Amino acid sequence: MKAVTVVAQYRTDPFFEKAVHLIETSGLVDRVLAVSRESASQRLPAFCTPVDGEIHDRTTLMRIINETGTNHLLFLTGDGHVFFEPGSIEKMIAATESTKAGIVFSDFYDLNERGKTVHPLSGYQSGSVRDDFDFGGALFFSTEAIQKALQKYGLIPDTRYAGLYDLRLKVSIECPVHHIPEPLYSMISGKAHSGDGQLFAYVDPRNADVQKEMEIVFTDYLKKIGAYLSPGSLRRAEQTQYRFPFTATVVIPVKNRVSTINGAVESALSQETDFPFNVIVVDNHSMDGTTEILSGLAKRYPTLKHIIPISTDLGIGGCWNEAINSKMCGRYAVQLDSDDLYSSTKTLQRMVDALRDGKYAMVIGSYTIVDSHLKKIKPGLVDHREWTDENGHNNALRVNGLGAPRGFDTNIIRGIAFPNVSYGEDYAAALRVCREYRVGRIYDSLYLCRRWEENTDAVLTIEEANRNNAFKDSIRTEEIRARQQISKGPNP
């Protein structure tokens, strides 16, 4: 019996036949299944077997799995064409056997007109649960692991878009997912590896049906691993006896933003409210003239507090901790980044009203992406309507962000604190809050998020994107573990 069945989404361009032919001639492949919604049997190479359907469709997947007579299934999942290096399939087989992995994936080479460059991927951990986790263009399954997972858990019925996501989550419960840090194939791909189109795919209204299926599958997965939290387990924010000097504080961490800090501070100070508020700017030892601008502003505006921390090793999260633990911090702490602006003079009032009226530990607004001239650019409004009161706190573990601006009950966020990092600190704090407390949402645009050449996430290298994603995966890993402990309840 040959070792591998290959499953590829059929394409009519000339690279398809070449790519699958190289795989078929390895001597290890039993069949190449070309999956297509259209009748492609007249155009297929002789060594391909047509399968009507889509790779991500549950019905198609089950038909493929049930008819497979090999030890492994190799899914070519990317939007490009995969060309395997000699001996690569043998390495994948060996990895499944040596690690007892249910799924194996590897680094690859990007192949384009400029040549061939290594494309590294992040390792898999238990928090690598996003539906768009980057496995590259090839996902290698042990058939035995698939059968074990299906017998124990099954797949969610009637899923058109999330079947393969469901399968890999269920397999990962029972068997390891193993990353081979070596490029085993080359890929020609038209897919962008970064950019707003990818970053915001899960909030694009055009993807609503897909995302709803992904959420159903992911929620079922959380229940299977004991990390699901029912809506009834969440609390409201309690009243405090502590007397705060202000009702609210706008918190602005900053380092070296000489061209934008003045606008951010003035946006905060211009807020019109029926309560007293102040602005705390935590100046993280700027060296470009930002400090001098803030010193001048603080002399003109008594409600502006300019803090320069003693510590010199703070990230954005550490700066937030300086602000919320200041004696000058208000009852509610509301975010404004140093290169962004509130969209109106009513933003702070809207945020605090929502926090007070709903007794929320955190409220998250919506924002509009703009350029340096404040002109709206794609994707425009980002409102995170995928959030629901019933399941948003669970689905938050699947997506890569929760939105802005964020406002916190200061008592609660003081007890939680931010990790001292400059990426993912807001996501970590938000996950921790919604583990225990109810969260409010405002779907109107309250905030202008500027994209410009000095944004920390404007243009990331593959390595930088991998580091960021791996860090967020580690946050999810810890959060899943904590939620599993809650679900278990107290020890007897």
Could you give log10 I(q)/I(0) at q = 0.06, 0.07 Å⁻¹ for the chain, computed by the Debye formula over C-alpha point scatterers of equal weight, without solvent? -0.32, -0.43
Quick one: Cα convex hull volume of the stretch 317-447, Å³ per residue? 111 Å³
Return one number: the angle in degrees, 0 to 90 and rounded to the nearest 10, between the long axis of the Cα atoms of helix 462-488 and the longest principal axis of the Cα atoms of the chain. 80 degrees
For the stretch 100-168, just the Cα set please: Rg and Dmax, both in angstrom. 14.7, 47
Taking N as the residue count of the stretch 231-459, its alpha carbon Rg divided by 2.2 N^0.38 Å gives 0.95
On C-alpha positions alone, give me the angle between the axis of helix 143-152 and the longest principal axis of the chain, in degrees, nearest 10. 60 degrees
Pairs Lys255/Lys375; Lys327/Lys488; Lys152/Lys472; Lys212/Lys378; Lys255/Lys346: which are spaced more than 32 Å apart, C-alpha to C-alpha? Lys327/Lys488
Quick one: helix 347-358 against the long Cα principal axis of the chain, what's the angle to the nearest 10°, folded into 0 to 90? 80 degrees
Whole-number D in µm²/s for the stretch 382-423 (Stokes-Einstein; Kirkwood sum over Cα pairs; 4 °C, 1.567 mPa s): 105 µm²/s
Can you pull the three principal axis extents for the Cα set of the stretch 135-269, in Å, largest first? 63, 44, 32
quick note, the stretch 231-459, DSSP beta bridge pairs, % antiparallel (nearest 5) is 30 percent
Would you mind listing how long the stretch 4-193 runs along its three principal axes, going by Cα atoms, in whole Å with the largest first? 44, 37, 32
What order do you get for 330-336, 384-390, 151-157 when each peptide is scored by the mean count of other beta carbon atoms within 10 Å, highest first? 330-336, 384-390, 151-157
Once phi is turned into ³J(HN,Hα) by the Karplus curve 6.51 cos²θ - 1.76 cosθ + 1.60 with θ = phi - 60°, what whole-Hz value does each residue of the stretch 384-390 show in order, with x for glycine and proline? 6, 6, 5, 6, 10, 4, 6
Built amide H within the under 5 Å cut-off of Val7, gap 5+: Leu33, Leu74, Phe75, Leu76
Magnitude of the Cβ-charge dipole (Lys and Arg +1, Asp and Glu -1) of the chain about the Cα centre, nearest 20 debye, reported as 1320 debye
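We did not get these values from a lab; they are worked out from the coordinates using the rules stated. What you see is a predicted model; the values in this text were computed from it and never measured. We place every Cβ from the backbone using ideal geometry, glycine too, and count neighbours over all the protein chains shown.
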